[in-house]
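The values are calculated or read from the model by the stated rules, or taken from the named source; none is laboratory data. Bear in mind that the values here come from a model prediction, so they are computed numbers and not experimental data. No Cβ is skipped: glycine too gets one built from the backbone with ideal geometry, and neighbour counts run over all protein chains shown.
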Amino acid sequence: MNIGKAIKFKRKESGLTQEELSNGICSITYLSKLENGKLDSQINDETLNLLCSRLGISQEDLTSDSEELLDLLFEWYEKVCEEDLSQCAELYNNVQKKIRYSSNYETAIFFELFKLRYFIQKKDVGESIKIHKDIDQKIDLFTPKQLYFYHKFSGYLYRERDMLKKAEHHLHEAIDLDQELKINEPDLYYLLGIVQSRLGNYISSFEYLHKAEVLYSDLIDYNKLFKINIIISINYILLGEYDLSIEKIEVLLQQAKKLKKEVNTVAMLKHNLGYAYFKKERYQQSYNILLETLEMKGKSIGVSVDYLITYYVYVQAFLHLNMGDETEVNHAIQEGIRMSEELDKKEYQIKFTYLNYKFSTNSTQNETLTFLENTALEYFSTRGDKDDYKHFLLEVVKIYKEKKMYKKATHYLLNYIEI
């Protein structure tokens, strides 16, 4: 146990500056050297006692062994990875009670890290952000293994917040550490496979998903292997391999029936199937499948982000089929805007708002272009979502062509080609 790091951890936890802790005990320089392990001579026992007293701990607390508590922490973390939220909650309460009596800073850091992962799993983004900010203040105290977890869980959080480039950065940092530490957690590679897919880096996505597949196969985790194949089928759609995707999804639907998968999983597969048919321009088939999917999701989870994603593709199929009059079209789009705002999903607020501009008889081409250039392109470019960015680039190109402004159209078309 590094005594200096333990002092630094307890000082930060107590909200004290180096000046406040050292006042009347030692110089700030001495404390700084102690905390950073740079004292040339042996640590003065009396000084250490005084520092501990001000921190409300004993010297023994700095070096106390917490192996039993650490084992409990990792048991809790394993349950979080298994997505067993009922047992997670029980273990969290148990760990929380015991951690209060531990002054071991390494154990306390693991607790904060695993707590971050737990609240991400619970989809409590607000609390996760708060925990993440607190952890950021202690990053210089981390061991390599703790730094690995920090980057991995940061990747989870940024992916949850749709900050894909930041998620990618942290997950790559975690993989670099994994090469050294040989932890080999498959969910790291699975998550990076998803993020790379969202960023439009499909070859990288396949590579990371394959690595995850090998690791999950060793663990005989059929549930995760099933999920990997869902992401692979989505990649096929995004690569334009619609028939391959449809074939794979049909097989997965049969497996889901045999394995008695929950309604949400079947609904996800149905959504992907409807989306594949939409991309194939088989709008009636897409519409029918997506309508069924919305009914399934509505009954099982109600209005949620998953429901909104399906609703967006459904509305597009509806518009392509020219199924409704102007009032019905407007109602469908306004409902999408309302749900997007209610769920605070900016990307879908932008997508539905664009549909509103596109299909409203009151909108001018100039108003639509202003929205596309100043809002849609800026947002999706910053976020790093290549597919959506490319989609809106082409929409801009179409409008400039209609306006016979070919220089502008060429400018945006070149941007599209460069991606």
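Structural remarks
- Within the stretch 242-260, not a single residue is under 20 Å from the mean Cα position of the chain (by Cα), among the small types (Gly, Ala, Ser), surrounded by 18 or more Cβ atoms within 10 Å (Cβ to Cβ) and not in a loop (DSSP other than H, G, I, E, B).
- Filtered by the rule that a residue be within 22 Å of residue 133 (Cβ to Cβ) and either acidic (Asp, Glu) or free of Cβ contacts under 8 Å to residues at least 60 places away in the same chain (or both), the stretch 1-20 gives 11, 13, 14, 15, 16, 17, 18, 20.
- Candidates in the stretch 269-307 are the residues that are outside any helix (DSSP H, G or I) and of a type in the set (A, V, I, L, M); of these, the one that is farthest from residue 231 (Cα to Cα) is 303.
- Only one of 355, 369, 377, 394 that is touching a residue at least 12 places away in the same chain (Cβ under 8 Å), surrounded by 15 or more Cβ atoms within 10 Å (Cβ to Cβ) and either more than 23 Å from residue 308 (Cα to Cα) or in contact with a Pro (Cβ under 6 Å, 6 or more places away or on another chain) (or both): 369
- Pairs where the first residue, in the stretch 277-288, is within 18 Å of residue 234 (Cα to Cα) and the second is among the basic types (Lys, Arg) and in a helix (DSSP H, G or I), C-beta under 9 Å, 6+ apart: 286/279
- Put simply, of 121, 87 the only residue that is surrounded by 14 or more Cβ atoms within 10 Å (Cβ to Cβ), modelled with pLDDT of 90 or more, closer than 30 Å to residue 224 by Cβ and of a type in the set (S, T, N, Q) is 121.
- If the condition is being free of Cβ contacts under 8 Å to residues at least 12 places away in the same chain, part of a helix (DSSP H, G or I) and among the hydroxyl-bearing types (Ser, Thr, Tyr), then the stretch 79-121 contributes only 86.
- Complete set of residues in the stretch 10-32 that are surrounded by fewer than 16 Cβ atoms within 10 Å (Cβ to Cβ) and over 23 Å from residue 107 (Cα atoms): 19, 20, 23, 24, 27, 28, 29
- Residue check, residue 104 more than 29 Å from residue 149 (Cα to Cα) and either surrounded by 14 or more Cβ atoms within 10 Å (Cβ to Cβ) or more than 38 Å from the chain's Cα centre (by Cα) (or both): no
- Conditions (1) more than 30 Å from residue 160 (Cα to Cα); (2) surrounded by 12 or more Cβ atoms within 10 Å (Cβ to Cβ): number failed by residue 402: (2)
- In the stretch 201-241, the residues that are among the β-branched types (Val, Ile, Thr) and in a helix (DSSP H, G or I): 203, 214, 228, 230, 231, 232, 234, 237
- Any chance residue 137 is over 21 Å from residue 18 (Cβ atoms), among the polar types (S, T, N, Q), surrounded by fewer than 20 Cβ atoms within 10 Å (Cβ to Cβ) and not assigned by TED's automatic domain parsing to the domain that holds residue 20: no
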